[in-house]
Each structure stands twice: as structure tokens, then as C-alpha cells.
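Every read-out reported here was derived from the displayed coordinates using simple, explicitly stated rules and does not represent laboratory data. Model, not experiment: these values are computed from the prediction. Cβ: placed from backbone, ideal geometry, glycine included. Neighbour counts: every protein chain shown.
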Amino acid sequence: MKLLILLSVLAASAIASQKRYDGYQLFQVTPKDQSSFEAMVQLYEQSENYDFWIAPRGIDIAMDIMVPPAYVSVFVDLMHAYSMEYRVKMIDVQTVLDMAREERERTPRVATPRYSVDWNTYYDFNDISAFCNEIAAAHPNMVTVSSIGRSYENRAIPMVKISTGGSGKKAIVVDGGIHAREWISPAFVTWLINELVENYAAHPQYVDNIDWYIMPVINPDGYQFTFALTGDRLWRKNRRPNNDGIGGSSCLGTDMNRNFGFHWNEGGSSANGCSDTFHGGAAFSEVETQHVRDAVLAVAGPAEMYLTFHAYGQYWLTPWGYTATLPSDYTQLYNLAVSACNKLTAVYGTRYTIGSSTNVLYVASGGSDDWAKGGAGIPFSYTVEMRDEGLYGFELPARQILPNNLEVWEGIKVMAESLF
Ligand code: 0X9
Ligand code: ZN
């Protein structure tokens, strides 16, 4: 009994030392006219006080905004002043984070774990890294693991190559975990590695015809910070202190998905080092994006496809993110995404929106997808924003990991088959 009490006190103090979101509210806001839409865009671009979980996209399109308690009343005033349609989706974000953590703590690992991760719950960077080594050791003929380099905090960023050998094969490059808080991303990408390898016999064609280069967590410092007892579950960026943005060194982190060097800093990113979409001091200013750049360039010859996994909103996005102009091969990119999403939706009815990032979401330059296509010359480049549509947002319950993975896998198969 004493031990139980001690453990619960320890757990409570552990929770207490992560960044807390007591009284933070998640608003769903729908601008009804141009001037209210523009007001929200201004807020998105200029204020650090509001965390846009889903950024402004247009009139009549809902966005999700987390508002700190001190700003709730002025925010509600703003809603009324602009006759905005709004509702509170989470009355207290901390409660949602606590409930998710408690559920995770109750979730047992699978009874006879083969590897350091399973897909019943979410795992931190150390477990994912161990998994990469373990699956390589278990399948030395098919899997090789390497490190593309070290992060700012000195973590080795793993890359898993899956191949049955032979020359002249096309390749697919996959990454996850560029945005730290989007936990379903590494949870899917690790599952994909496992599916290709452990279930090889069920569908050998996906590995026999294609070499896969898979990086499950390209922002390890940020990802680990979302798990750390003194961290922040809702952290997005990497963890390098920045002196190169407006706002100075008081703020940490660059949005790696604004730091890639193709039409860098051409809109939808911030020069403010405290902003969640800080683009960094220069294109590829971050050691992690440099490593990803070099690793992708090393396989850019055979690579025909680049897939980067995010959350949330259920979008299958094509370039470009920096301009509303469509790439010249857009029809091909679009049609393939439609075929993939048809198969995806057939599994559980989950619907995805398809289109170019700028047209479906918003302008955001410096994205890895734009660079993969425009900089590395990989023709089929997609950003996949997985579950959900905002009911849980980043706290997608662990019980949805497998259903998410199974449906997205159907889409991936279509993508891969297009290269056979
Ligand atoms: O804004 C982003 O970086 C992505 N959405 S997220 O909510 N996961 O942050 C979308 C990126 C789409 N691609 C480009 N804009 N290039
Ligand atoms: Zn993201």
C-alpha cells in the first residue's frame, strides 16, 4: 500500500514537471468572411501567444487554436468582434494530456514483445532507435541500419534500409517525426518497417521491387522532449537555442519543415525565433535538416518517391507548399493520391482530402516535400497528414495506432505499386 502511494506521488510530481496546460482551451474557429479570416491569419503570423494546431485555411474552414488561460477572455472578445463562429473543443488541455498519459500508463506492452516497440502504445526515441537496431540484427539479409548523423543534442538519427539486393531498383524515401508532437508519425513509420520486413512473405513484391530508405524520427531532440519528464508534450520544433531569429536566444527551436532549401522563406514561415513556424537563420541552418538533405541526396538517383508523415487533419498533399502554382506533373501526382486514398478509405471509411499543400492547406515554404521534389529531383513527393480530424488532435489515442496504420498501409501499397 505504502509503495502504491509513493508511486502515485512520484507519478504526480513527474507530471507536474512537464510543461503544464492548465486552463488552456482548444477553440475551433470558423471565419465567416474575408476580414475575419485575415484577422486570424494576422494572429497566426504575428502572435506567439496562440498555438495553431490547425492553421487558417480560408473562409468557412475551421481551424484549431490553443489559447492560454490569460488570453481566453480577450480571444472570446475577438471572436465576437468579428462575428466568428467558434466553440470550445477542449475546456482544459491539461486534462486531455493527463487522461492520455494515464491511458498509456495502463496499456501493457504486448505479452511477448519481439522488439523494443509494439503498436499498442507510443514509444520514445530510445525505444525506436533500439527497434531499428533489433530488426536489422534479426534480418541481416534484408535490413541495414545506419545513422545519417547526429542531432544538436547528439542523438544518432537512424536510417533503415530495406532491400533484397540486386541493382537498378527504384527507391522510396520515407521519414517521420519531423514535428515532435505528432506522435502517430513515428508510430506509423516504425510499423511500416515492421510490416515490410516481418510480413515480407505475405507481400514480397513491395521489397523485391523497391529499395526503401526509412527514417522514423528525423527530429529526435524535439520528439524526446515531448516524452521527457521536464519536457513539453506539445513541442513541435527541434531544440537548438536560436540567436538568429527576432526574439533572440530566449527561444529554442526551428520548425524543420520550414528550414529546407527550396524557395526557403517565401511565405508561411516566421522570422521570429519564438514562433512555432520559425524558419531558421538560413536554409538548412539546422544540423538535422542538413543530415536529411545529405542522406536524401545520396539516394536521389534511384529514388522516385518521397513520403513524409505528419498529423493531423487527414490530408494527402502534393507539392508545392511555397506557391499556389501547381507542378507541371500535378495530374499524375494527384491521380496517384486519389487511387491511394480510395484504398485507404475502403478500410474503415476514413476520408482524406487530396491536393497541393498551398491549395488545400496554406502557403508554407521550406517544407521537406517541396525540397525533395524541387531540390533533390524526386518526382513523387507527398506529405501525409494522418488521423484524426481534430477530436483528439495530437493526442490520438493509442488504440487508434493500428487502425491508422492499417488504412495508411493500403495507400502506401498503391503508391509503391505505381513504381513497379
Ligand atoms: O505546416 C506543416 O508543416 C504541415 N502541417 S502540420 O500540421 N503537420 O504542421 C504541412 C506541410 C505541407 N507541405 C508544405 N507546406 N511544403
Ligand atoms: Zn507536421
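Using the Cβ of Ile412 as centre and a radius below 13 Å, the other residues enclosed give a net charge of -2, where K and R count +1 and D and E count -1. Rounded to the nearest 20 debye, the dipole size of the chain about its Cα centre is 660 debye, using +1 on the Cβ of Lys and Arg and -1 on the Cβ of Asp and Glu.
Across the stretch 39-177, Cα pairs under 8 Å and at least six residues apart give a relative contact order of 9 percent. Of the residues Ile128, Phe380, Met84, the one whose Cα sits farthest toward the positive end of the charge dipole of the chain, with +1 on the Cβ of Lys and Arg and -1 on the Cβ of Asp and Glu, is Ile128.
Taking the stretch 209-230 and a reference point 7 angstrom along Cα→Cβ of Gln290, the backbone N atoms nearer than 18 Å belong to 218-222. The slack in the chain from Asp232 to Thr345, taken as 0.36 nm per residue of separation less the alpha-carbon distance, amounts to 37.4 nm. Spin-label model, Ser147 to Tyr334: label points 7 Å out along the Cα-to-beta-carbon direction sit 4.4 nm apart. Among the cysteines of the chain, those whose beta-carbon sits 4.7 Å or more from every other cysteine beta-carbon are Cys132, Cys341. If the chain linking Lys170 and Ala130 were pulled fully straight, counting 0.36 nm for each residue of separation and taking away their Cα-Cα distance, it would gain 11.6 nm.
Rounded to the nearest 500, the 222 nm mean residue ellipticity of the chain from helices alone is -11000 deg cm²/dmol, with -39,500 (n - 2.57) taken per DSSP H run of at least 4 residues.
Which value, in debye to the nearest 20, describes the size of the charge dipole of the stretch 42-165 about its Cα centre when Lys and Arg Cβ atoms bear +1, Asp and Glu Cβ atoms bear -1, and nothing else is charged? Walk me through the intermediate numbers first.
Working: 11 positive and 17 negative charges, 129 e Å.
For the stretch 42-165, the charge dipole is close to 620 debye.
Grab the beta carbon distance between Ser17 and Asp77, set R0 = 41 Å, and tell me the FRET efficiency rounded to 0.05. Result of the calculation: an efficiency of 0.75.
For Gly267, the residues 5 or more places off, or on other chains, whose built amide H falls under 5 Å of its own are Ser365.
Under a 5 Å amide H cut-off, with hydrogens placed 1.01 Å from N, Gly149 pairs with Ile157 among residues at least 5 apart or on other chains.
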